[in-house]
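Working notes for the structure below.
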Amino acid sequence: MKSATGLTSSGSRDWIVQRISAVVLAVYSVVLLGFFLTHSNVDFYQWSAFMNSLPMRLFSLVAILSLAGHAWIGMWTVFTDYITTGKLGAGASSLRLVLQTLMIIAILVFLFWGIMIFWGNGFGVVAV
C-alpha cells in the first residue's frame, strides 16, 4: 500500500522516526522519574519551577512533538494493516478514512493542548 497519509511517505523513514521518537519519550520519562527520585515531598512550587525552566519546556515540546509523530505512525500502521478490504469488505476504506480522521483530530487537539500548557499562559495557570 502506498503511504498516502503516512508521516514521511516512506516506510523506512517512518520506522526511523518512530524509533527516534521512542528514544526521546524514554529519556523524557527517565528525566521525570529522576526528578521525583531526587526530590522527596515535591510540592507544587518545586514541580512548577522544574517544569517551567527553559530546558524542561524545550524538552517537553520535543517530547510532545515526538509523542504526536509516534502515535500517528503507530495508528496509521495499525489502521492500514487491520482495516483492509480483505478483512472487512468494501466498507474498509471508508472506515479507515473515518478512523484516521478522528485520530488526526485527537492528536492535533492533544498536541495543541500540550503546547498551550507549556508555552501558553503558563504551567501554573493551566494546572490550577
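All of Leu33, Leu97 fail the test of being more than 21 Å from Ile117 (Cα to Cα) and of a type in the set (A, V, I, L, M), apart from Leu97. Taking the conditions exactly as written (at pLDDT 95 or above, closer than 23 Å to Gln18 by Cβ and open to solvent by less than 80 Å² (accessible area, probe 1.4 Å)), does Ile115 satisfy them or not? It is false that Ile115 is at pLDDT 95 or above, closer than 23 Å to Gln18 by Cβ and open to solvent by less than 80 Å² (accessible area, probe 1.4 Å). Would you confirm whether or not the range 55-67 contains a residue that is of a type in the set (D, E, K, R), over 21 Å from Ala106 (Cβ atoms) and either open to solvent by less than 70 Å² (accessible area, probe 1.4 Å) or more than 17 Å from the chain's Cα centre (by Cα) (or both)? Scanning the range 55-67, I find at least one residue that is of a type in the set (D, E, K, R), over 21 Å from Ala106 (Cβ atoms) and either open to solvent by less than 70 Å² (accessible area, probe 1.4 Å) or more than 17 Å from the chain's Cα centre (by Cα) (or both), so the answer is yes. Restricting attention to the range 6-18, the residues that are under 14 Å from Leu65 (Cα atoms) and at pLDDT below 90 total 1. What about Ser21, is it crowded, with 16+ Cβ neighbours inside 10 Å, at pLDDT 95 or above and either closer than 19 Å to Gln100 by Cβ or of a type in the set (Gly, Ala, Ser) (or both)? Criteria met by Ser21. Within the range 26-47, residues that are open to solvent by 70 Å² or more (accessible area, probe 1.4 Å) reach partners that are assigned to a loop (DSSP other than H, G, I, E, B) with beta carbons closer than 8 Å, at six or more positions or on different chains, in the pairs Phe36/Val42; Gln46/His39.
The values are calculated or read from the model by the stated rules, or taken from the named source; none is laboratory data. Nothing here was measured: the structure is a model prediction, and the numbers come from that model. Cβ atoms come from the backbone with ideal geometry, glycine included; neighbour counts cover every protein chain shown. Heavy atoms of the whole protein, side chains included, go into the accessibility calculation; ligands, DNA and RNA do not. Shrake-Rupley method; radii C 1.70, N 1.55, O 1.52, S 1.80 Å.
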